[in-house]
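In what follows, a structure is listed as C-alpha cells, so that the remarks can point back to it.
The values are calculated or read from the model by the stated rules, or taken from the named source; none is laboratory data. Keep in mind that this is a model prediction, so the values were computed, not measured. Please note: Cβ atoms are built from the backbone with ideal geometry, for glycine as well, and neighbour counts cover all protein chains shown. Note: accessible area is taken over every heavy atom of the protein model, side chains too, but ligands, DNA and RNA are not part of it. Shrake-Rupley method; radii C 1.70, N 1.55, O 1.52, S 1.80 Å.
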Amino acid sequence: MFKRIPGTKDILPAEVTIWQEIEKISRGIFSLYNYQEIRPPLVEDAKLFNRSLGQTAEIVQKQMFLIQNKEELYALRPEATASVVRSYIENSLDKTNSFLKVYYIGPMFRLERPQKGRYRQFHHVGCEVLGSSDACLDVEVISLAAKLLDNFSVSGYKININSLGCAKDKEKLQKNLREALKNSADKLCVDCQNRLKTNVLRILDCKHESCKKIVDSLKLEHQHLCPECLDHFNSVLNGLDLLGIEYKINYSLVRGLDYYTRTVFEITHPELGSQDAIGAGGRYNNLVQELGGPDTGAIGFAFGLERVLLVSKLSQEKKNENDLVFLITLGDLAKIRGMGILADLRKYGIPADTDYENKSLKGCMRKANDLNARLVLILGENELKNNVITVKNMLSGEQKEVNLSQLTKEIKC
Ligand code: AMP
C-alpha cells in the first residue's frame with residue numbers, strides 16, 4: 001500500500017468545506033482592498049530562490065525541493081514572493097501598471113522536519129504590492145492581514161513589528177551585532193557560531209536558550225536606522241495607532257531572508273505552541289531591482305493556512321446549506337427514467353444525486369439522510385404509470401405526489 005510522503009496531507013472531502021470557506025473569505029477581503037489574484041507556476045528556476053532569499057537562508061540551504069532536469073535545476077516554490085516579482089518583471093507589468101496589488105492562495109514546499117503545524121507541503125494565502133515605498137501602504141498591508149484573521153475567526157493573535165532599515169542600515173546592524181557578539185561567541189550554539197560569519201541577523205531568530213539570553217542582553221534598539229528609515233517606521237506605527245491596530249515592537253525580529261528591508265512583521269498565536277507564527281511579511285525594497293526590474297518599493301505577507309485552521313473558530317461543517325435533492329428509483333425502468341429526471345434537475349441548477357449501489361428503499365433513505373438532502377424523490381412503478389413522482393420534504397416529513405412535467409417548477413428553491 002502506498003503512503004503519503006511525510007509532511008504532506010490529504011485534504012479529505014469532510015475537511016474541504018472549511019478550506020473553501022477560508023479561500024472564499026480571503027478572496028472577498030482582498031477584493032475589498034482592490035487586490036487581484038495572480039497564479040504563478042509551482043515550479044521555478046532554483047536560481048530565482050537562491051538569488052532572492054539569499055544563499056545563507058535556511059530555506060535555500062536545507063529546505064528546497066529540487067528537481068534536476070538535464071542541465072536545469074528547478075525548485076518547487078518554497079514561497080511566492082520571488083515568483084510574483086519574477087512575473088512582474090517578465091510580463092512587463094512594471095511598464096503597463098507599475099503599481100500592482102496581487103494576492104495568491106496555493107501550496108508551498110519546504111523540506112522541513114515535519115511536526116505539528118509544520119509540513120513539507122503547506123498552503124499560503126498571501127499578497128504582494130509592488131511599486132511603492134509609502135508608509136501608508138505598510139499600514140494598509142498590516143491592517144489587511146489583521147482584517148483577514150478577524151474574518152477567519154482567529155482571535156488572540158499578536159502582531160510583532162520591527163524595522164531593518166535600508167540596505168546601508170542593515171549593514172550597520174550586522175556590523176554592530178558582530179561587534180557586540182564578539183566576546184560571547186563561544187557561548188552561542190554551533191549554528192550561531194557559523195551565523196556570526198555567514199548571516200549574523202539569523203542569530204536574533206535562534207530558539208536556543210543560551211543564544212536567546214545573549215540576544216536579550218544586547219538591549220537592541222533602533223541605533224542602526226538612518227533618519228529616513230526611522231521616520232518611515234514611526235509613520236507606520238502612527239498609522240497603525242490611528243486604525244486601532246495593536247502591535248508590539250520587537251527589536252530582535254529580523255526574518256530569515258535576505259530580501260527584507262525596513263518594515264518586517266510577524267503574527268503569532270499563543271495556542272500554536274512552538275511553531276507559533278501564523279503569518280509574516282515585510283518590505284523588500286531592493287528585490288525588484290535585484291531581479292532585473294526597476295528600482296521600486298514593495299511589500300507583502302503570507303499566512304500559513306494549516307496554522308490558521310488550527311486556531312480558527314470557523315465551524316468545520318458548513319451549516320445546513322445543502323440543497324441536494326436525492327432521487328430513489330424502484331425497478332429497472334424507473335432507474336433509466338430517473339437518469340432523465342436527474343439531467344433535468346441539474347439543467348435547472350438543482351443539485352441532485354441518486355443511488356448507484358443498489359441499496360434498498362430503507363438504505364436509500366438512510367443515505368439521503370446522511371447526505372443531508374433537502375428533498376427525496378421516489379419514482380416507483382405506480383408513479384411511472386401515473387406520470388407522477390413522490391416528493392418528500394426531509395425537514396418537515398411532508399410527502400406529496402407531483403406531476404413529472406411540473407417537477408422542476410415545483411421544487412426549485
Ligand atoms: P514564511 O514564508 O516562512 O514567513 O512563512 C509564512 C507563514 O507560513 C508562517 O508564518 C507559517 O504560518 C507558514 N509556514 C511556513 N512554513 C511552514 C511549514 N513548513 N508548514 C506549515 N506552515 C508553514
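Observations on the model:
- In the stretch 18-41, residue farthest from the chain's Cα centre (by Cα) [restricted to those that are open to solvent by 40 Å² or more (accessible area, probe 1.4 Å) and of a type in the set (S, T, N, Q)]: Asn34
- Candidate set: the stretch 47-93, residues that are modelled with pLDDT of 95 or more and of a type in the set (Lys, Arg); chosen: the one farthest from the ligand (Cβ to nearest atom): Lys47
- Scanning the stretch 347-358 for residues that are open to solvent by 100 Å² or more (accessible area, probe 1.4 Å) and under 11 Å from Ile328 (Cα atoms) gives Tyr356, Asn358.
- The stretch 268-317, residues that are assigned to a strand (DSSP E or B), in contact (Cβ under 8 Å) with a residue 60 or more places away in the chain and closer than 28 Å to Ala14 by Cβ: Ile278, Gly279, Ala302, Phe303, Gly304
- Of all the residues in the stretch 34-69, those that are closer than 30 Å to Asn97 by Cβ, β-branched (Val, Ile, Thr) and in contact (Cβ under 8 Å) with a residue 60 or more places away in the chain number 2.
- Sole residue being surrounded by 21 or more Cβ atoms within 10 Å (Cβ to Cβ), among the basic types (Lys, Arg), assigned by TED's automatic domain parsing to the domain that holds Glu306 and farther than 19 Å from Leu257 by Cβ, chosen from Lys95, Lys70, Lys101: Lys101
- Flag set for Arg178, criterion: closer than 20 Å to Glu58 by Cβ, open to solvent by 80 Å² or more (accessible area, probe 1.4 Å) and either small (Gly, Ala, Ser) or part of a helix (DSSP H, G or I) (or both).
- Selection count where residues are in contact with a helix residue (DSSP H, G or I) (Cβ under 8 Å, 6 or more places away or on another chain), open to solvent by less than 70 Å² (accessible area, probe 1.4 Å) and polar (S, T, N, Q), scope the stretch 359-402: 1
- Note on the stretch 49-59: residues that are in a helix (DSSP H, G or I) and either of a type in the set (D, E, K, R) or open to solvent by 20 Å² or more (accessible area, probe 1.4 Å) (or both) total 3.
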